[in-house]
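Down below is the structure, laid out as structure tokens.
The values are calculated or read from the model by the stated rules, or taken from the named source; none is laboratory data. Computed from a prediction, not measured in an experiment: that's the story for all the values here. In this analysis, Cβ positions are derived from the backbone assuming ideal geometry, glycine residues included, and neighbour counts consider all displayed protein chains. Keep in mind that these areas ignore ligands, DNA and RNA; they rest on the heavy atoms of the full protein, side chains included. Shrake-Rupley method; radii C 1.70, N 1.55, O 1.52, S 1.80 Å.
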Amino acid sequence: TGWDGCHHLRPLDILSEVVPTSGLAHGMRVFQVEGVRGFQLTASRPRALGFPASRLFIHCDRFPEEFSIIVTLRVLSVPAKRNEYVFTLMAEESPSVLVGLRYVTLGSRPPCTKQEKAQFWFNASRRGLYLCNGSTWISMLEVKQRLDYVEEYQNLVTNSETMGVEVFTIPKVGLFAATANRYTPPGSAIYKWTDGKFVPYQNIPTYQAQSWKYFTIGKKIFLAVANFEQNDRGQEFSVIYKWSRRKEKFITYQRITTHSARDWEAFVIEGETFLAVVNHREGNNHNIDSVIYRWNPRTGLFETNQTIPTSGAYDWEFFTIGPYSFLAVANTFNGTSTKIYSHIYIWLSGSFQLFQSILTFGAADWEVFHIGDRVFLAVANSHSYDSGMPAPSNFYAINSSIYELNITAQMFVKFQDLLTYSALDWEFFSVGDDSFLVVANSFDGFTFSVNSIIYRWQGYEGFVAAHHLPTVGCRDWEAFHTAEGSYLLYSSAKEPLSKVLKLKTT
């Protein structure tokens with residue numbers, strides 16, 4: 001045989017090689033479904049349908065280095081578990097599989113070790129084709145999931161009403177959720193995801209906690225709480241906790257004096273770690289400084305780096321666009337009005353400087369997100385109040401807005417208004433190729449039992465309401481993923497009950 005014959009291989013019908021010209025082999029029968037004819041094969045005699053590769057490669061004694069196989073497979077009834085080969089390439093006179101196309105349904109995924117290297121696995125439940133590289137299954141072709149509906153998954157009983165929730169993963173330990181609870185005792189709680197549910201893991205004394213922030217510095221793992229009230233001795237501070245690998249608990253690391261703290265934000269700029277706190281008010285004065293702290297690697301402590309004047313602020317949001325770093329503050333109330341400017345700052349020459357001001361109405365949250373190469377910033381407007389103006393018909397039924405970065409104008413411009421009911425939080429998440437925003441509607445002027453809404457990104461139409469979720473005093477949303485699927489967790493500021501919802505996909 002000549003080497004040149006290996007360069008002129010044409011498409012071949014492998015199935016026709018299996019079927020003898022004299023008729024069907026034992027263990028085969030022809031059947032037709034919806035006008036498509038196929039062969040039904042009996043799994044009890046798999047080797048009977050084999051043939052030598054030399055029948056395909058007449059002028060080439062080497063199997064091609066690159067090739068593709070197209071298989072049309074119809075399964076008439078899917079058993080609970082099935083794991084079999086549709087096609088295999090085997091060494092002559094040897095039982096070992098060199099390359100295989102494996103058909104697997106449900107159950108756990110097959111092992112991927114050196115023994116399975118170069119084998120294919122078709123996952124019928126996810127409609128995906130995977131290749132084993134010797135250690136993990138690599139996706140070759142996968143049908144993207146789509147959000148179908150949302151179902152209630154877990155009622156999470158909390159220590160008291162929950163002002164905020166933070167979901168995070170500690171490497172090699174697991175998935176956790178920290179709830180910022182209203183009352184002390186018993187304080188706030190940390191839950192660990194165990195056997196598909198959140199279970200209590202650790203209690204931490206807090207003082208009307210508003211929010212938690214998880215962050216890391218190198219191998220160090222931290223969790224910061226924003227305390228809104230003084231402790232029993234009249235001291236007012238928020239606390240940074242550090243994860244102890246030995247104790248497998250969070251332990252007190254650093255206390256920082258704060259004033260009715262609402263939120264922490266952690267971020268890195270040019271290799272340096274920063275932590276920004278939102279100070280809501282001091283006594284009755286809402287117009288006070290919020291503080292940005294810088295990590296000092298020498299002392300191992302956070303030190304004041306910059307102060308920024310804020311007005312009854314609720315939230316910091318850090319984000320980057322290309323080489324630029326930004327920090328947005330949600331200003332909520334200046335003592336007389338909620339109709340005030342919230343600000344976006346840009347990092348220039350070692351400090352944050354004003355970049356843009358946007359008029360907001362009791363702003364409670366900023367959420368930045370990207371869709372393709374577009375950058376958006378959504379604000380949750382909580383209420384419209386001005387002591388010098390006539391009262392509106394409803395303080396709480398007001399628009400929250402989505403802004404998009406206009407690169408030419410170098411500013412955020414309004415993209416879309418959405419009617420919300422005392423909105424306190426936005427959370428962006430994705431399912432497959434689809435993008436979503438969920439809003440925390442907390443109060444409509446009459447009741448705290450208000451639907452919070454998932455909006456689906458519809459391109460030219462913007463965000464369109466897709467799912468209406470009954471919530472009670474909804475304060476915060478967190479999206480998270482596990483091996484079992486995708487979930488949303490919402491916290492209630494009006495009852496000691498938070499809920500985990502599961503995103504059901506098709």
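A full extension of the chain between Ser244 and Asn284 corresponds to an added length of 10.6 nm, given 0.36 nm per residue minus the alpha carbon distance. Recomputing volume of the Cα convex hull per residue in Å³ from the coordinates shown identifies the correct label among [x] 155; [y] 176; [z] 228 as [z]. Each part gets one Cα centre, and for the range 310-347 versus the range 174-250 those centres are 25 Å apart.
Annotation for the range 414-502: chymotrypsin sites (Phe, Trp or Tyr not before Pro) lying in DSSP loop with at most 13 further Cβ atoms inside 10 Å of their Cβ are Phe446.
Computed on the chain, with alpha-carbon pairs under 8 angstrom and 6+ residues apart, the relative contact order is 9 percent. The residues of the chain have, on average, 52 Å² of accessible surface per residue, using a 1.4 Å probe with all protein chains present. For the residue pairs Lys339/Lys494; Lys197/Lys494; Lys117/Lys502, the alpha carbons lie more than 31 Å apart in Lys117/Lys502. The magnitude of the dipole of the chain, with charges of +1 and -1 set on the Cβ of Lys/Arg and Asp/Glu and taken from the Cα centre, is near 1640 debye. Against the compact-protein benchmark of 2.2 N^0.38 Å, the Cα-based radius of gyration of the range 139-265 scales to 1.20.
Each of Glu92 and Thr113 was given a label point 7 Å from its Cα along the Cα-to-Cβ line. The distance between the two points is 3.0 nm. The share of accessible area on the chain that comes from carbon and sulfur is 50 percent, using a 1.4 angstrom probe.
The alpha-carbon of Lys220 sits under 16 angstrom from the alpha-carbons of these lysines, leaving out residues fewer than 8 places away in its chain: Lys172, Lys242, Lys247, Lys249. Estimate the FRET efficiency between Met411 and Leu301 by the formula 1/(1 + (r/R0)^6), using the beta-carbon distance for r and 41 Å for R0, to the nearest 0.05. With a Förster radius of 41 Å, E is 0.65. Which of the trypsin sites (Lys or Arg not before Pro) across the range 176-255 are loop residues per DSSP, with 14 or fewer other Cβ within 10 Å? Those satisfying the criteria are Lys219, Arg233, Arg245, Arg246, Lys247.
Annotation for the range 439-491: GluC sites (Glu not before Pro) lying in DSSP loop with at most 14 further Cβ atoms inside 10 Å of their Cβ are Glu484. The alpha carbon gyration tensor of the range 433-472 gives principal lengths a ≥ b ≥ c with a/c of 1.5 or higher and a/b greater than b/c, which makes the shape prolate. Which residues in the range 147-163 place their backbone N less than 20 Å from a point set 7 Å from the Cα of Ser449 along the Cα-to-Cβ direction? The answer is 151-158, 161-162. Taking every C-alpha pair closer than 8 Å and separated by at least 6 residues, the mean separation divided by the residue count of the range 253-361 gives a relative contact order of 18 percent. Once a ≥ b ≥ c are taken as the square roots of the eigenvalues of the Cα gyration tensor of the range 286-325, is the result rounded (a/c under 1.5), prolate (a/b larger than b/c) or oblate (a/b not larger than b/c)? Oblate, because a/c is 1.5 or more while a/b does not exceed b/c. Take the Cα radius of gyration of the range 356-484 and divide it by 2.2 N^0.38 Å, N being the number of residues; the result is 1.09. With a Förster radius of 30 Å applied to the C-beta separation of Leu497 and Asp148, the computed FRET efficiency comes to 0.70.
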